[in-house]
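Notes for the one structure printed next.
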Amino acid sequence: MNRRAPRSRAPYPERLGRNGAVLLTHNHISFLQGLLDRPGGRAVSKRDLIAAAQPYVRRYRGGPAPWRTLSYATYTLHPSWVNWEREGNRLVYTLLPRGRAILDGALRAHIVGVGPYVPASCRR
């Protein structure tokens, strides 16, 4: 049986490292980058969000991830990074300013198992 998205999300604190950096997984950063690629930072369904994240998942993991793994990972996106709302029988995901700040490098972020996240625009 597939899990169904909850009707609402209770606020909970972000995972932070000892140095105060936001802790992300490969999947989290892939979803954020995939949303950034979409017009208006908006994915019109979960399937659209996963399709947008696939190129980045392949880059970080070295190959494609199973669809179900990414489907479950959508539930772990923090509400301050991505907002989702039900529209009919689907979920619409929207990138929020804090999620964009992570991608722009305005917020320190750490990818678990990899190290600090440094946007391409900040690399030298």
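Where a number appears in this text, it was derived from the coordinates with a stated rule and is not lab data. Owing to the predicted nature of the structure, the values given are computational and were not obtained by experimental measurement. Note that each Cβ is placed from the backbone with ideal geometry, even for glycine, and that neighbours are counted across all protein chains shown.
So here's what we get for this one:
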| read-out | value |
| --- | --- |
| Among 103, 116, 88 - extreme Cα towards positive end, dipole of region 71-124, charges at beta-carbon | 116 |
| The chain, helix-only ellipticity at 222 nm - DSSP H runs n ≥ 4, -39,500 (n - 2.57), divided by all residues, nearest 500 | -10500 deg cm²/dmol |
| Magnitude of the charge dipole, the chain, Cβ model with Lys/Arg +1 and Asp/Glu -1, debye to 20 | 220 |
| Simple spin-label estimate for residue 61 and residue 85 in nanometres, 7 Å along Cα-Cβ | 3.0 |
| Charge dipole (region 25-124, unit charges on Cβ, about Cα centre) - positive-most of 25, 77, 35 | 25 |
| Ranked by how many other beta carbons lie within 10 Å on average, peptides 59-67, 27-35, 80-88 from highest | 27-35, 80-88, 59-67 |
| Virtual spin-label span in nm between residue 25 and residue 100, 7 Å along Cα→Cβ | 2.7 |
| Kirkwood hydrodynamic radius of the chain, from inverse mean 1/r over distinct Cα pairs, in Å | 14.9 |
| Two-site label geometry, residue 75 and residue 18: point separation in nm, points 7 Å out along Cα→Cβ | 3.2 |
